[in-house]
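**Q** Structure below; questions to follow.
No value in this document is a laboratory result; all are computed from the given coordinates. Just so you know, these numbers come straight off a predicted model, no measurement behind them. Cβ sites come from the backbone with ideal geometry, for glycine too, and all protein chains shown count toward neighbours.
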Number of protein chains: 2
Amino acid sequence: MNKSIFYHAGCPVCVSAEQDIISLIGADHIEVVHLAEQKERIDEAEKAGVRSVPALLTPSGNVLHLNFGASIADVKA
Amino acid sequence: MNKSIFYHAGCPVCVSAEQDIISLIGADHIEVVHLAEQKERIDEAEKAGVRSVPALLTPSGNVLHLNFGASIADVKA
């Protein structure tokens, strides 16, 4: 199984969702990307369909927006 | 590990998210509840914190709202 990518920006909603997702899927199956610290990956996230964080990009290429922490526009600011 | 509960209402967003979640977590770890067909469980979902579907109630009691298909108010209608 390919890895999922969990995009977040350090917000409380993000951290809570990250813990839930790691607990459900397993840390070995997830790459965690902090977009506020890795702004060079925002473009990649947007192209994948990420409109807000936290979000999980699945191995099949679908994006699951998990609750709502911040929009990508907020992360860019 | 206790099971998660995936609440949905048959909407296209719900079905897509259901397939992703089952693929990520495994069908054995999820109970799927169709709230439009099991309206007697809407109250339980609301008490757990579900405000829209699709949503995943984790074994730890947290609710992850996955994208947005319909509000609970819509499901009740």
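**Q** Being within 14 Å of chain B (Cβ to nearest Cβ) and crowded, with 19+ Cβ neighbours inside 10 Å is the filter here, so list the residues in the stretch A:34-62 that pass it.
**A** A:V50, A:S52, A:V53, A:P54, A:A55, A:L56, A:L57, A:T58
**Q** Still on this structure, I have one more. Looking at the stretch B:51-67, can you tell me whether even one residue there is among the small types (G, A, S) and farther than 25 Å from A:D28 by Cβ? First the steps, then the outcome.
**A** The first filter runs over the stretch B:51-67 and keeps only residues among the small types (G, A, S), leaving B:52, B:55, B:60-61.
If we keep only those that are farther than 25 Å from A:D28 by Cβ too, we end up with B:52, B:55.
Scanning the stretch B:51-67, I find at least one residue that is among the small types (G, A, S) and farther than 25 Å from A:D28 by Cβ, so the answer is yes.
**Q** Okay, moving on. Could you list all residues from the stretch B:7-17 that are within 11 Å of chain A (Cβ to nearest Cβ) and either surrounded by 21 or more Cβ atoms within 10 Å (Cβ to Cβ) or touching a Ser or Thr at 6+ places or on another chain (Cβ under 8 Å) (or both)?
**A** B:A17, the sole residue that qualifies.
**Q** Can I ask one more? Provide a single number: the residues in the stretch A:63-77 that are out of contact with any strand residue (DSSP E or B) (no Cβ under 6 Å at 6 or more places or on another chain) and exposed (fewer than 15 other Cβ atoms within 10 Å of the Cβ).
**A** Summing the residues that are out of contact with any strand residue (DSSP E or B) (no Cβ under 6 Å at 6 or more places or on another chain) and exposed (fewer than 15 other Cβ atoms within 10 Å of the Cβ) in the stretch A:63-77 gives 4.
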